[in-house]
Amino acid sequence: MWTIISASVAGTSHARLGTPCQDAHATLSLDGWALAAVADGLGSAPCSRDGAATAVDTAIAFLRTAIETATPAVLDLEAMLARVGEAFRAAREELVSLAEASGEPLAHYGTTLIVVALAAGGVAIGHLGDGAVVAAHADGSIETLSTPHSGEFLNEVLPLTAPTALAELRLTARAASFHRVALLSDGLQQLALRLPSGEPFVPFFAPLFAAVGPALDPASGSAQLAAFLDSERVCERTEDDKTLVVIGACAAVPPLAGNSP
């Protein structure tokens, strides 16, 4: 029912310093649901790469189990939104266990986290930290469903490891038939959003959304997406790690206006 392409690419600043990509993502299509998670490990946290990878893997694994063991057999949007919230709790608990096993402070695994569960009738979103979720309707119009969120001070991001993380988690449910949904890490915010409003920059999303359909091979599409994120025209605009997940319904969708990014 869904075509999903995804990529995480190290930023040029990381390449200069010889540090690995601290972004991570995970996706899954199961029983009519498209599941996706994106995490951006905090640059100031020594183990944030492991924190980001653990967060996305745990969240998607939790939702997979929730779908497979659901009673009744099919989860509705409200029930899925509750499961998304629980997935954040599970991910944080896994980070706590990881920190205890390693002897590292929990803060060393600091990471943001975005989780999306998309079905034909709507989308459930959990969002902690920066990054964004953007969607396209059947008529080709696009909107930002979840905008970046910073802390009390400029450039401060609340990570999943913070004591108040679960209390400040943003949960959103929208009952609508979205044909395309994209998750992005903060390395793409300057290119993909009109800041500070958070409105989507249509010329960035139009070609991406138009390309993700039933005829696209996910492996080939993901490779092309990674090449785009690592291209000169993107890297000259951002030095940060970049993650992008694009989910497309396997049905025709009107073309979107806009130029290639």
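Of note:
- Cβ pairs under 8 Å, 6+ apart, first in segment 185-207 and at positive phi, second crowded, with 17+ Cβ neighbours inside 10 Å: 198/132; 198/144; 198/147; 198/148
- Which listed residue is crowded, with 18+ Cβ neighbours inside 10 Å, under 19 Å from the mean Cα position of the chain (by Cα) and either more than 19 Å from residue 157 (Cβ to Cβ) or in contact (Cβ under 8 Å) with a residue 60 or more places away in the chain (or both), from 54, 112: 112
- Residue 137 being modelled with pLDDT under 95 and closer than 24 Å to residue 242 by Cβ: no
- Considering segment 174-241, the qualifying helices (runs of 4 or more DSSP H), each wholly inside and each with 1 or more residues that are out of contact with any strand residue (DSSP E or B) (no Cβ under 8 Å at 6 or more places or on another chain) and under 30 Å from residue 77 (Cα atoms), run over 202-211, 218-229.
- Residue pairs whose Cβ atoms lie under 7 Å apart, sitting 6 or more positions apart in sequence or on different chains, and linking a residue in segment 15-36 that is surrounded by fewer than 14 Cβ atoms within 10 Å (Cβ to Cβ) to a partner that is not aromatic (Phe, Trp, Tyr) and not in a loop (DSSP other than H, G, I, E, B), are 20/14; 20/49; 31/67.
- Looking only at segment 78-109, and only at residues there that are in contact with a Phe, Trp or Tyr (Cβ under 7 Å, 6 or more places away or on another chain) and buried (at least 24 other Cβ atoms within 10 Å of the Cβ), the one that is farthest from residue 30 (Cα to Cα): 95
- The condition of being basic (Lys, Arg) and either within 20 Å of residue 118 (Cα to Cα) or at pLDDT 95 or above (or both) holds for residue 83.
The values are calculated or read from the model by the stated rules, or taken from the named source; none is laboratory data. This one's a predicted model, so the numbers in the text were calculated from it and none came from an experiment. A quick note on method: Cβ atoms are made from the backbone with ideal geometry, for glycine too, and the neighbour counts reach across all protein chains shown.
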